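Rule-based calculations on the coordinates, nothing more; no lab input. No experiment lies behind these values; they were computed from the predicted model shown. All Cβ positions, glycine included, derive from the backbone under ideal geometry; neighbour counts span all protein chains shown.
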Amino acid sequence: MIQEQNMTFHTDLYPLIDSLVGLLKREILVYRELQSAITHEKVILLKPSLERLLESNGKKETVILKAKMLEEGRLKLVRKIAKMLDLGENEVNLTMLCSYADPHQQTDLQECQSTLNKLLTDSREMNQNNKELLNYSLHFLQGSVDFIHSILSSPSACYMPTGKIRPTGRNGKLVRTEG
């Protein structure tokens, strides 16, 4: 009798696991889209244009919003599964769920887990590279701005606000007028 209840319990869990697998597959598509956006962003950063940067940022924000919405759906499913298994939400993970899934679901869960891990790792690395490229560019841009500011704001600047050449002061001192 106990074994029969256990089988029914697992069978009741199957539709939720199927829903989770479907959601994970949609997340994989979204993260691939994000990875593509990050790759495109790098191309733009190497030859920047304000219009292209804004367009790229908009696409990335849209993909991130999709990912957040899917994450919310995944969290709801995990809550339901955790409640069914009488576990805390933090105790439910894909590896643990494999022990409650049928063989086909186990394969799907493992494939999703592997693919998501790779996508997320690669995306983090690509994003970090883009961040370093941006920081490098900002560093040199700031150096150029500082240089221009120092030239224009120094008292020895060549031009006066009127546009006329500023008379230069004498740098030397007259030490002796005789002999």
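How much length, in nm to one decimal, is gained on full extension between ASN130 and LEU85, taken as 0.36 nm per residue of separation minus their Cα-Cα distance?
Details: separation 45, 0.36 × 45 = 16.20 nm, distance 4.23 nm.
Stretched out fully, the ASN130 to LEU85 stretch lengthens by 12.0 nm.
Could you give the nm distance between label points at ARG74 and SER49, where each point is 7 Å from its Cα heading toward the beta carbon?
3.5
Any chance you could list the semi-axes, whole Å, largest first, of the equivalent ellipsoid that the Cα gyration tensor gives for the range 1-147, using √(5λ)? Spell out each step's value before the answer.
Values: eigenvalues 377, 34, 31 Å².
In descending order the semi-axes read 43, 13, 13 Å.
List the residues of the range 24-55 whose backbone N lies under 19 Å from a point placed 7 Å from the Cα of MET96 along the Cα-to-Cβ direction.
From the range 24-55, the list is 24.
Starting from the 7 Å offset along Cα-to-Cβ, what nm value, one decimal, do you get for the label separation of SER137 and ARG32?
Between SER137 and ARG32, the label points sit 2.8 nm apart.
Give me the number: length gained by fully extending LEU152 to LYS59, i.e. 0.36 nm times residue separation minus the C-alpha to C-alpha distance, one decimal in nm. Show your work: numbers first, answer last.
Working: separation 93, 0.36 × 93 = 33.48 nm, distance 3.93 nm.
Residue separation times 0.36 nm, minus the Cα-Cα distance, leaves 29.6 nm.
Which lysines does LYS131 reach when only Cα atoms under 25 Å apart count, and residues fewer than 8 places away in its own chain are ignored?
Cα-Cα hits under 25 Å: LYS42, LYS47, LYS59, LYS60, LYS66, LYS68, LYS118.
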